[in-house]
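See structure below.
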Amino acid sequence: MINLWNSLIDLIAPRVCAICGNRLAGPEQAICGACNRHLPRTDHVLTPLDNPLCRLYWKQMPVGKAAAWFYYSAGSPAGRAIYALKYHHQADIGRLLGEMMAREFRTEGFFEGIELLVPVPLTRGRQRQRGYNQSLLIAEGVSHITGIPIADKALRRMRFDGSQTQNDIEARRQNVKDAFQLRHPEHVKGRHLLLIDDVVTTGATTLSCAKELAKAGGVTISVLSLGFVRP
């Protein structure tokens, strides 16, 4: 009965691939099989302790492990899925992509030892404007597959000073300096935390979050994102 109902809904409002726009087949979610096969995967998950994403944080602060699912660039086919999630109000894409990424990474043991998922927060105004926090949606997808709980109240974003897109590395760091505030440190103290963001470019945002979380004491911080901009 459920399959019949889903088929009826799909007939009335066809689901389409967030990358190519073609109609999705029954078992496909968010992106079609062809686009999934051609997704520019980073393969960070194969070397989670030493890869280009990890190296963004070296000399800044230690990270347990880090991985992004695919390479991102504005206007690229893979980038369309992120754009649809962030700017076209397609919230379901975040959860579905989070699930797809988690299924792949789970087979490589990436989530072993992780105790809490911490999505990068938005300011209240920014979240009200968008209608949701895309990093939280991704975390929900990851949590659904792994069973790891989400600590979405661990951090608060105090300010948003505009898009980071056109900023250089130093400007990005200054833009997010002191932008986050640790809340309820007792909930994360001594835990292995996985910071989750949609796209990492210079690592400035996640680094700022990580430094604030470290104030709780005894934490190990790892990083996960859907997209990664090649250095």
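The values are calculated or read from the model by the stated rules, or taken from the named source; none is laboratory data. Values in this document were obtained by computation on a predicted structure and should not be read as measured data. For neighbour counting, all protein chains shown are included, and Cβ atoms are generated from backbone atoms with ideal geometry for every residue, glycine included. Just so you know, the surface numbers come from the protein's heavy atoms only, side chains and all, with ligands and any DNA or RNA stripped out. Shrake-Rupley method; radii C 1.70, N 1.55, O 1.52, S 1.80 Å.
List of remarks:
- Region 175-192 - residue that is touching a residue at least 40 places away in the same chain (Cβ under 8 Å) and in a strand (DSSP E or B) and, of those, nearest to P52 (Cα to Cα): H192
- Q129 passes every criterion in (1) at pLDDT below 95; (2) in contact with a helix residue (DSSP H, G or I) (Cβ under 6 Å, 6 or more places away or on another chain); (3) open to solvent by 40 Å² or more (accessible area, probe 1.4 Å) apart from (2).
- Residues that are open to solvent by 30 Å² or more (accessible area, probe 1.4 Å), more than 28 Å from A84 (Cα to Cα) and without any contact (Cβ under 8 Å) to a residue 40 or more places away in the chain, drawn from region 193-218: K215, G218
- Per the conditions (1) open to solvent by less than 30 Å² (accessible area, probe 1.4 Å); (2) within 15 Å of the chain's Cα centre (by Cα), the sole criterion not satisfied by I31 is (2).
- Residue within region 61-78 that is open to solvent by 70 Å² or more (accessible area, probe 1.4 Å), more than 21 Å from G203 (Cα to Cα) and either in a helix (DSSP H, G or I) or among the basic types (K, R) (or both) present: yes
- Residues (closer than 13 Å to A210 by Cα, surrounded by fewer than 16 Cβ atoms within 10 Å (Cβ to Cβ) and either touching a strand residue (DSSP E or B) at 6+ places or on another chain (Cβ under 8 Å) or without any contact (Cβ under 8 Å) to a residue 24 or more places away in the chain (or both)) located in region 43-60: W58
- The residues of region 120-139 that are assigned to a helix (DSSP H, G or I), touching a residue at least 12 places away in the same chain (Cβ under 8 Å) and under 23 Å from A216 (Cβ atoms), listed by number, are S135, L136, I138, A139.
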